[in-house]
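Chemist: Right, I'll just put the structure down here and ask away after.
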Amino acid sequence: MKLRSLHGEFGSAIVVVLTTTVTVAIIIAVAMEYTSTIRHSVQRTQALQSAIAAGDGALESAFCYWRGICRLSTDMPLATSAFADIPLPTQAQFPSITGFTATASPADLTQAHPPTLSNFNVIAVDPEFNAIAPSANLIPGMGQGPTSKTYYYLAQADVTLPVLSDHITARVRRVLEKQEISPWNYAIFYVDPLEIQPGALMNIYGWVHTNGDLYTGHELLHFLDKVTYASDWFVGFKPGDARAPSGISPETPTSPHYPNNLPPAYDVAHQPFGLDSGLIFSTSDSNPNNDSYHELLEQPTSGYSDPLQGKRYYDQAGVKILIDGSNTITIKDSLGNSLNASSPNGGGALYTALTNAISTGVSIKDNRESNSVRLATLDVGVINDKIRDGTLSSFNKIIYIADTSAGVNGGTPKRGIRLKNGANMAPGGLTIASVNPVYIQGDYNTGGSNPPSNSGDPTKPQVNGYERQPCAVVADAVNVLSRLWDDSQSTSDLQYRDAVNTTVNTAVVAGIVPSANNNYSGGAENFLRFLEDWTGKTFTYYGSMVQLYQSRQSIGKWGSDNVYNPPTRQWYFDTNFQFNAPPGSLLVYSYVKGRWFLAQ
């Protein structure tokens with residue numbers, strides 16, 4: 001009995017051991033299979049991540065070439081065909097990928113060894129990202145108003161990498177956006193570094209942007225809308241400003257005020273006309289037509305290439321008024337033909353109207369320039385009357401006027417253009433451009449000489465019943481003279497140059513004298529220049545201030561004695577510009593890498 005029992009027990013033990021062994025073996029086999037599956041899955045995931053990273057790198061290369069082609073071309077939107085020659089990425093750009101190959105064409109991914117990079121291109125698409133025919137016109141997406149729009153492109157790259165005994169493909173896409181906007185959409189738009197350091201309370205309504213650094217060091221500054229910069233923001237003072245830390249007695253900078261949910265923020269640079277100033281401008285070559293955006297004010301020099309051809313205000317103007325050193329006036333039409341009283345096709349009427357509107361032979365003392373400035377005065381009221389009565393019905397409302405005898409680069413003789421009687425503008429507005437400094441005298445685009453803003457109500461900068469027109473003044477510098485300005489007192493001490501409440505409603509493009517050698521530029525608060533004692537007086541301004549260049553004729557430094565005492569500034573962005581820009585073309589473009597995604 002005992003022996004039989006032992007045999008039974010031994011047999012049962014063998015069964016248990018065998019069962020356990022089989023179970024463990026199964027578990028090990030399952031674990032090994034699971035581990036292998038996980039390993040394969042990890043390898044495929046890592047390969048996919050590598051493919052996506054390579055695709056993103058390829059699209060970064062495509063973006064750089066796309067942006068360069070856009071910048072070197074015109075401000076016109078480009079079709080798909082313009083990007084057909086974007087170079088393929090090379091092995092050198094992807095050293096970690098063995099045997100890298102690339103093609104612009106879609107690949108047959110069923111091949112044993114498909115190309116690493118395929119379907120590499122940039123194509124034009126509509127706002128819903130549907131492809132547009134290679135040579136077809138682009139369909140823009142509209143912005144908040146007719147003065148802003150976006151053109152869309154799609155950068156594509158299919159990246160195929162080997163994994164295990166197969167391969168994996170990532171189809172990477174990224175939307176590229178060419179954004180077009182009028183600078184008149186901004187209260188303040190600067191190409192150069194922007195300093196705003198007001199000595200009195202200053203509220204800024206509307207957008208603010210600089211393509212450079214932003215410097216704000218006073219708590220008296222209140223931003224009430226979006227503020228952006230393309231470089232950096234400093235709560236402090238620009239190097240060269242005497243109040244900067246390198247100065248003897250530096251001020252303690254304080255932060256400006258801004259909405260809690262809208263602090264100053266980074267944004268891409270917005271290039272005038274979509275052109276890259278770093279590539280198209282040079283002061284060291286022999287071409288006189290490509291020095292800076294100040295060229296927009298200058299006449300082109302024949303015989304040289306001109307990157308701003310057609311964009312200069314001289315080119316855009318419907319009439320060109322040129323004054324020489326002897327005060328001889330030449331009037332030309334839009335094509336550059338000289339006019340006289342008997343010129344055909346309305347040229348005679350244009351000549352007569354403008355001749356009656358121009359006077360010369362007066363000089364004033366500009367104390368900021370420490371010099372006498374000879375003025376040519378344009379009676380804007382005469383021009384507007386002739387537009388209203390139909391005499392100038394075919395005129396495009398852009399006037400270019402310049403005294404060509406002015407000294408350049410701050411030299412003498414000093415010349416300037418004065419605008420007077422500009423209160424009542426004809427429908428459609430007026431743009432006046434000059435290579436010289438411009439002096440706006442009296443109320444401008446207000447409908448009359450006494451709008452409510454001159455009597456304490458800044459919310460009404462025009463007389464009742466008058467609609468502000470879209471106007472612009474484009475010049476080397478823009479000075480404002482009050483309604484009380486007297487030429488004969490220009491050489492007198494400041495106490496005899498009293499101002500009176502004045503209102504100006506116009507966009508302004510003008511230059512600055514940057515901070516340097518312990519001299520403050522005056523900042524955006526002094527973008528519009530003054531020559532009177534405005535103590536206790538109010539200057540009301542509705543418009544948009546745009547800085548694209550440094551002044552070349554009015555280069556007097558800000559802060560000298562006996563120049564002006566500041567007014568109480570009531571400055572507002574004219575929101576009408578978002579829907580109705582002044583006559584003429586002035587656009588800025590930005591190039592943005594938008595959303596990216598994996599195609600199915």
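Chemist: Within segment 165-174, does at least one residue satisfy the condition of being within 21 Å of the chain's Cα centre (by Cα) and more than 27 Å from residue 584 (Cβ to Cβ)? Walk me through how you get there before you give the answer.
Modeler: Applying the first criterion (within 21 Å of the chain's Cα centre (by Cα)) to segment 165-174 yields none.
No.
Chemist: Give segment 408-436 a look and list any residue that's over 29 Å from the mean Cα position of the chain (by Cα), closer than 22 Å to residue 292 by Cα and modelled with pLDDT of 95 or more, or say none.
Modeler: 414, 415
Chemist: Taking the conditions exactly as written (modelled with pLDDT under 95, among the aromatic types (Phe, Trp, Tyr) and surrounded by 17 or more Cβ atoms within 10 Å (Cβ to Cβ)), does residue 591 satisfy them or not?
Modeler: yes
Chemist: A follow-up question, please. Could we say that residue 558 is hydrophobic (A, V, I, L, M, F, W, C) and either open to solvent by less than 10 Å² (accessible area, probe 1.4 Å) or closer than 26 Å to residue 269 by Cα (or both) here? Working first, answer last.
Modeler: Working: hydrophobic (A, V, I, L, M, F, W, C): yes; either open to solvent by less than 10 Å² (accessible area, probe 1.4 Å) or closer than 26 Å to residue 269 by Cα (or both): no.
Here the answer is no, as residue 558 does not meet what is asked.
Chemist: Does segment 564-576 hold any residues that are buried (at least 21 other Cβ atoms within 10 Å of the Cβ) and touching a Gly at 6+ places or on another chain (Cβ under 8 Å), and which are they? Quick ask: steps written out before the conclusion?
Modeler: Start the filter on segment 564-576 by keeping residues that are buried (at least 21 other Cβ atoms within 10 Å of the Cβ), which leaves 564, 567, 571, 573-574.
Residues satisfying the conditions are 573, 574.
Chemist: Right, another one. Right, residue 160: surrounded by 23 or more Cβ atoms within 10 Å (Cβ to Cβ), more than 27 Å from the chain's Cα centre (by Cα) and closer than 30 Å to residue 53 by Cβ or not?
Modeler: Yes, satisfied.
Chemist: Out of curiosity, is residue 354 outside any loop (DSSP other than H, G, I, E, B), open to solvent by less than 40 Å² (accessible area, probe 1.4 Å) and farther than 17 Å from residue 386 by Cα?
Modeler: no
Chemist: Return the residues of segment 85-100 that are open to solvent by less than 90 Å² (accessible area, probe 1.4 Å), in a loop (DSSP other than H, G, I, E, B) and more than 11 Å from residue 120 (Cα to Cα); say none if nothing qualifies.
Modeler: 90, 94, 97, 99, 100
Chemist: Now for a different question. Restricting attention to segment 523-582, which residues are in a loop (DSSP other than H, G, I, E, B) and hydroxyl-bearing (Ser, Thr, Tyr)? Write out each step before concluding.
Modeler: Filtering segment 523-582 for residues in a loop (DSSP other than H, G, I, E, B) gives 523, 527-528, 531-532, 534-537, 544, 548-549, 551-564, 566-567, 574, 579-582.
Scanning segment 523-582 gives 535, 544, 549, 551, 554, 560, 564.
Chemist: Mind checking which residues of segment 495-514 are surrounded by fewer than 24 Cβ atoms within 10 Å (Cβ to Cβ) and part of a loop (DSSP other than H, G, I, E, B)?
Modeler: 500, 501, 513, 514
Chemist: Further question: If you go through segment 42-60 one residue at a time, how many are open to solvent by less than 40 Å² (accessible area, probe 1.4 Å) and either outside any helix (DSSP H, G or I) or under 13 Å from residue 173 (Cα atoms) (or both)?
Modeler: Total meeting the criteria: 7.
Chemist: When the residues of segment 294-318 are filtered to those that are open to solvent by 10 Å² or more (accessible area, probe 1.4 Å) and either closer than 17 Å to residue 472 by Cα or touching a residue at least 40 places away in the same chain (Cβ under 8 Å) (or both), which remaining residue is nearest to the chain's Cα centre (by Cα)?
Modeler: Per the criteria, the residue is 311.
Chemist: Select from segment 174-203 the residues that are in a strand (DSSP E or B), out of contact with any helix residue (DSSP H, G or I) (no Cβ under 8 Å at 6 or more places or on another chain), open to solvent by less than 30 Å² (accessible area, probe 1.4 Å) and not hydroxyl-bearing (Ser, Thr, Tyr) and list them in ascending order.
Modeler: Initial filter on segment 174-203 (in a strand (DSSP E or B)): 174-181, 186-190, 194-196, 202-203.
Among the residues that remain, those that are also out of contact with any helix residue (DSSP H, G or I) (no Cβ under 8 Å at 6 or more places or on another chain) are: 175, 177, 179-181, 186-187, 203.
In the following step, the residues that additionally are open to solvent by less than 30 Å² (accessible area, probe 1.4 Å) were identified as 175, 180-181, 186-187.
Passing the criteria: 175, 180, 181, 187.
Chemist: While we're here: List, please: which pairs have Cβ atoms under 8 Å, are six or more places apart or on different chains, and start with a residue in segment 256-271 that is under 22 Å from residue 546 (Cβ atoms) and part of a loop (DSSP other than H, G, I, E, B) and end with one that is open to solvent by less than 40 Å² (accessible area, probe 1.4 Å) and small (Gly, Ala, Ser)?
Modeler: Every condition considered, the pairs that remain are 267/230; 267/590; 268/230; 268/590; 269/230; 269/590; 270/230; 270/590.
Chemist: Within segment 319-336, which residues are in a loop (DSSP other than H, G, I, E, B) and open to solvent by 40 Å² or more (accessible area, probe 1.4 Å)?
Modeler: Step one: filter segment 319-336 for residues in a loop (DSSP other than H, G, I, E, B), giving 324-328, 334-336.
Of everything in segment 319-336, those that are in a loop (DSSP other than H, G, I, E, B) and open to solvent by 40 Å² or more (accessible area, probe 1.4 Å) turn out to be 324, 325, 326, 327, 328, 334, 335.
Chemist: Of all residues in segment 276-293, how many are acidic (Asp, Glu) and in contact (Cβ under 8 Å) with a residue 60 or more places away in the chain?
Modeler: The total comes to 1.
Chemist: Further, regarding this structure: Applying the selection to segment 101-135, what residues are of a type in the set (Gly, Ala, Ser), part of a loop (DSSP other than H, G, I, E, B) and surrounded by 13 or more Cβ atoms within 10 Å (Cβ to Cβ)? Explain how you work it out, then say what you get.
Modeler: At the first step, the residues of segment 101-135 found to be of a type in the set (Gly, Ala, Ser) are 102, 104-105, 107, 112, 118, 124, 131, 133, 135.
In the following step, the residues that additionally are part of a loop (DSSP other than H, G, I, E, B) were identified as 104-105, 107, 112, 133, 135.
If the condition is that a residue be of a type in the set (Gly, Ala, Ser), part of a loop (DSSP other than H, G, I, E, B) and surrounded by 13 or more Cβ atoms within 10 Å (Cβ to Cβ), then 104, 107 are the ones that fit.
Chemist: Would you tally the residues in segment 61-84 being free of Cβ contacts under 8 Å to residues at least 60 places away in the same chain and either in contact with an Asp or Glu (Cβ under 8 Å, 6 or more places away or on another chain) or open to solvent by 60 Å² or more (accessible area, probe 1.4 Å) (or both)?
Modeler: Residues in segment 61-84 being free of Cβ contacts under 8 Å to residues at least 60 places away in the same chain and either in contact with an Asp or Glu (Cβ under 8 Å, 6 or more places away or on another chain) or open to solvent by 60 Å² or more (accessible area, probe 1.4 Å) (or both): 5 in total.
The values are calculated or read from the model by the stated rules, or taken from the named source; none is laboratory data. Treat the numbers as computed from the prediction; the structure is a model and nothing was measured. Counting neighbours? That spans all protein chains shown, and the Cβs are built from the backbone with ideal geometry, glycine included. For the accessible areas, the whole protein counts, side chains as well, though only heavy atoms, and no ligand, DNA or RNA atoms are used. Shrake-Rupley method; radii C 1.70, N 1.55, O 1.52, S 1.80 Å.
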